[in-house]
Amino acid sequence: MADYRRSKPTGRGLSQPISSTTTPRVRLSCELCRQRKVKCDKLNPCTNCQRFGAVCIPVERARLPRGRSGKLSAHGPPSQDSSLKERVSRLEDLLRELTEHGDPVASTSTEFGSDEGTAQPSVSKEADKSEPYIENSFWADILRQIHDVRSAGSHSSTVESRTADNSAMKYRELLALPKSHEKEPLPPAFRESLTTIYIEKKLYQIFLEKIDPFFKILHTPSLSAFILDGKPYLDYEPGHLAPTTLVLAICYTAVSIITEDDSYNLLGCKKSALVAKYQKESEAALARADFMTTNDITILQAFVLFLLASRSQDPSRRVWTMLSMALRIAQALSLHLPEPPFPVRPFEREMRRRLWVGIGFLDIHCSVDRASEPMMQALWIQANAPLNVNDSDIGFGMDTPARESQGFTDMTFTKMILKAQCTVRLLNFTDFTDVTVRSVPKRQQLVIDFQEATSQLLKHSHPDSITFHWFTRETADIISASMQLIALRPLQRNSNFIPPRVRGDRLLQIAVDVLKKSKEIRNDPRAIPWQWVEFMFVPWHALAVAIAELCVCNDLSLMEKFWGPVRDAYERQGDLIADSRKGIIWKPMAKIMAQAESKRSELLNAAHPTPYPLHFTPLSIPVCSQPPTLPDPASLPGTGPGPTATTAGIYSPMVTLSETVAFGPWTSVWDAVDYGCPGANNEMSWLNYENFIEDVYGSLEYIP
């Protein structure tokens, strides 16, 4: 699906004016269809331009005489043609001389090798014994002439394509990932089998089951018709580079997230071999498509899928860096604008929105993954949100926008993630891209707004009977709890933020609840298709908050109660987090974990009570030493005298959303927060967490 812009009457169309002579003329594809590389019906205006509302610029040329194309005279240098004729004449003379000799060697078998453009004669042993052998120089002269003619002929037909390839392929190294998987090359026979339609269909089925519901940027019916049924993809001509690049990116993404067992059972080979093959082919296809300067949405979709797959194979900052390229390409295509400055059909508008939200998701994932600022603003995402519809509700030829559904659709998970990433942008970062909300009651309201929006999206879900609905509900629980932690323990330094005091062990309980819930989802058989998502949602922030709380814990039974889940998460996240155990986050994590271990050893040495069982009990409300102190709504900035519906929703400790959520209330920390006691900056747990963030920013790996 090429991205088009309203054409201007410039370029090749003006260089070939319509002649007023009686010479017959041939109508070629119009300028816009030629740029979009789609089939043109050559009407005036053509059907494509009429449908897009674009200016159709016809292109014509004079009809050539019958049997003549004019290509040699137009493109082939006369000197080259003359040289070919001379070489052919020389070959004829040599063959004539050989025939006049009447030498039997002329009938002997001769084999020419193709390696390195050379050939070696092989004369039968019988002829070598019975007849005199012709001089090697004579055969060498013939072979040299044949090789020169073959090289000259191929040069004239490929010089243009090689020039185009070189201009695009010179940027291929920007895409290249570490070639660690190429240590196990594929055998020749197996390499050929990987290109079969059967393998592509298998990988596409994996993509539909495990990736497409979670990362929804494509239109499944159009892809299925193209890959499974062999029909044209959208309005592309057969063999177009854009759909081919997209298929390779889909295969690379699918093969990156499968397990070794799935690779053997479904495809019959090692996963590393498949990853190496499709990584290489995807890189080459993107480079040939010149993805950096493309105006084609399909090419950008392929590049975004390539980045998604690459993150699972390479935990370094390479994907974090290349994502900026995807954002700039998207902005060049006006994906960030709700109303682009050129006509867009309803179907293409919806696909543009999906792709833009997908780039935003990778942006927030990479920024959290590396404790850095996101590139995209929350307003950019909110103003250009996709519709909550199924793929069956939209189609390439649709003339009017689809109507949003109130039930659980193909886009419900994406809509939930969209709301989450907008909220996290306002909670989690400095004022670099968005103005961060510093008021704790307003930060609480942002979290509650997410819970309410998610409740409406999941209102008609069926988590008990549909596994993806269950997975979406569990993911929403983790995101909701994580947002509460972020609201009270921001991810980045902000000197103007003063957190309130949280009584009891509530903050510790919610942090460990996030770790426990992540493990439960990972071990649940229903989550097998989406176990690969774990590397996208590494809950290192919850782990850091939990460890910071344990560093100041003076109750041995409480320490032992939570130590098991925290230690288990610490051991596992070391292999999933960005840059692994040598990265910018893990070194500070190891430092604060050492403090927690020292605190635990101190408690164990001080007393030896009956060991508390190392398992996590369900989240319970702690007994607070005093009732929560709530601020007067009229005294807060931006509020007038008297409570309003909004302020009541912000400050009431009884907000659980049980009325809007049919499947139970959300876990809440707000009834343990003392809004009138902003003194957490003096507590040791906050100081421990703040030191952890300082270490992240002060890491030598973080600073170039």
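List of remarks:
- Long-range amide H partners of ASP296 with built H, under 5 Å: ASP3
- Paramagnetic label reach from MET684 (point 7 Å along Cα→Cβ; backbone nitrogen cut-off under 20 Å): within region 547-565, residues 547-564.
- Modelled spin labels at LEU379 and SER224, positioned 7 Å past Cα toward Cβ, are 4.1 nm from each other.
- Region 523-533 - phi-based ³J(HN,Hα) in whole Hz, Karplus 6.51/-1.76/1.60, Gly and Pro as x: 8, 7, x, 5, 9, 4, x, 10, 5, 5, 5
- Amide hydrogen neighbours beyond the local backbone of LEU28, cut-off 5 Å, H modeled: VAL59, GLU60, ARG61
- Residue-wise HN-Hα coupling along region 585-595, computed from phi with Karplus coefficients 6.51, -1.76, 1.60 (Hz; x: Gly, Pro): 8, 6, 5, x, 5, 5, 5, 6, 5, 5, 5
- R0 of 60 Å, Cβ-Cβ distance ASN691-ASN295: FRET efficiency to nearest 0.05: 0.80
- Database remark: amide H of ARG501 closer than 5 angstrom to the amide H of ASP674, CYS677, GLY679, ALA680 (H placed geometrically; neighbours at sequence offset of 5 or more, or on other chains; Pro and chain starts carry no H).
- Computed from the alpha carbon positions, the gyration tensor of region 447-493 leads to an equivalent ellipsoid with semi-axes of 25, 12, 6 Å, biggest first.
- For the residue pairs LYS561/LYS587; LYS271/LYS419; LYS216/LYS516, alpha carbon separations beyond 29 Å are given by LYS271/LYS419.
- Estimated at 0.36 nm per residue, the fully extended path between LEU84 and ASP464 surpasses their Cα-Cα distance by 129.2 nm.
- Pairwise label distance in nanometres, GLU339 with VAL26, each label 7 Å out on the Cα-Cβ vector: 4.4
- Backbone HN-Hα couplings from phi across region 280-294 [Karplus 6.51/-1.76/1.60, Hz, Gly and Pro as x]: 5, 5, 5, 4, 5, 5, 5, 5, 5, 6, 6, 4, 5, 10, 6
Each value in this text was obtained by applying a stated rule to the coordinates, not by laboratory testing. All values reported here derive from a predicted model rather than from experimental measurement. Every residue, glycine among them, receives a Cβ derived from its backbone with ideal geometry; neighbour counts consider all protein chains shown.
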